[in-house]
Amino acid sequence: MGADALYYIMDYSGNYYRTNQADQLVAVAGEQDATVFTFAQANSRICVGKKAAFYCMVPLEEKAEDRDAEAVESGEAYEDAFVSPIKELAYDEVSEPVEKNVSSYDLSEIDWAEYLTHFTYLVEGLKDYREQLAKKHSDIEQKICDILHYIELCETNEEEAIDLVELLRVCRENRRDIKDELQRIEYFQNNFGTNMNVAKAKQALKCIKGLETRKYRPRKYDELFENCTLKDKRLQRADIRETEPGYEIPKQRFVVESAQKDEGGEETMLEERNITPFDGKENNWLAFARQQAEFYRNAGQYITNLQMDIREIDEEIEEILLETEDTNCNVTQGYKVFKRLKELRLERKSKSMELDCLYALTDYIDCDAFADTCEANLAEVEGIMGISEQNEVENLQLADNEQEEKLHVVENIKDMVG
């Protein structure tokens, strides 16, 4: 049969196939609903990978009965080519590997780790890129200034004037391109490319990469995994044993060790006292632990509140400026406007400085995860100091006192009624 012939695509169970909107093969009720393919089209769809074991090409003029008869006459065991329904279901679940990339708009084709890496690199490189653009902007401004001064100071004929206008036009267009690019960077940095989002992207990237080394904890069948052979050679027995129910990772006590080597190469451990800000003081570690936990639990929300405050201040400043354009102010009114603008600018400066400090404290930190750790540490400190038991006793005493007061009030009411 020639390559120019037309073909149906069938499976070894006798089902015909057509293509859907996603260009995927879908089984149909009969031959009349099947798609007709050229040899190249059919070959590209079924003759690669695992698909070749499930599908076959049938010429358009050849019927299913003729195909079966030819198989019997040629001595081929058609039964050997039979694919069970279970195997067909298994094939339906097999997905072809998709080449993932950063710029894909199809979410199933996005390489998330590469996308986050690209985002962090982009944001961290914006500072240098912006400085380069600012330098180019300064250069083009100086060129325009030279052209204008040349027009002002030098004699020009008609031909030179045309050339000067063309040169000025090109410089102005280049200047506009640079300013637009600087504006795009500003919009990106102010709304999305913030340090906090970079920190979140790095944390997400860390979590995604952690999927490659994640550990499984048996739920019920602990004995099932005792003598198993793991498929991935990178995994070790500890990847399962350490996560069994009841297993707790011991805390690592912080120890500073210093060693000095003598001439023979032997190490001698040395302990040296250095004065710290905590020496010789009565340190309130409970308050310190509580402050840490409260800060990291509420840092993200407080940053959001500061950003909203700054936006509100900017809006109020803009409203005042718009009002001054349409009104004529006397000296007293003008002074009040000036005073209010100054107050708003100082308030904005203070909040912006506070926001930058918070960025510095929370950059590259997962505040929620760190807050969980700090709260666990706080609970441990409270347990060491017996705060939890003391609070429970105080709460019980308060409840007893409230109950006694209620009984006393009820008795007084009864006496009054009597």
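The values are calculated or read from the model by the stated rules, or taken from the named source; none is laboratory data. This structure is a prediction, so every number in the text was calculated from the model and none was measured. Every residue, glycine as well, gets a Cβ built from its backbone with ideal geometry; the counts of neighbours run over all protein chains shown. For accessibility, only protein heavy atoms count, side chains too; no ligands or nucleic acids. Shrake-Rupley method; radii C 1.70, N 1.55, O 1.52, S 1.80 Å.
Assorted remarks:
- Summed side-chain charge close to residue 297 - residues other than residue 297 whose Cβ falls under 10 Å, Lys, Arg +1, Asp, Glu -1: -4
- Computed with a 1.4 Å probe over protein heavy atoms only, the accessible area of residue 192 comes to about 100 Å².
- Ranked by solvent-accessible area (1.4 Å probe, protein heavy atoms only, all chains present), the residues 184, 273, 290 order from largest to smallest as 273, 184, 290.
- Take residue 9: with every protein chain present and a 1.4 Å probe, its accessible area is about 0 Å².
- Förster radius 60 Å - calculated FRET efficiency between residue 12 and residue 324 (Cβ-Cβ, nearest 0.05): 0.10
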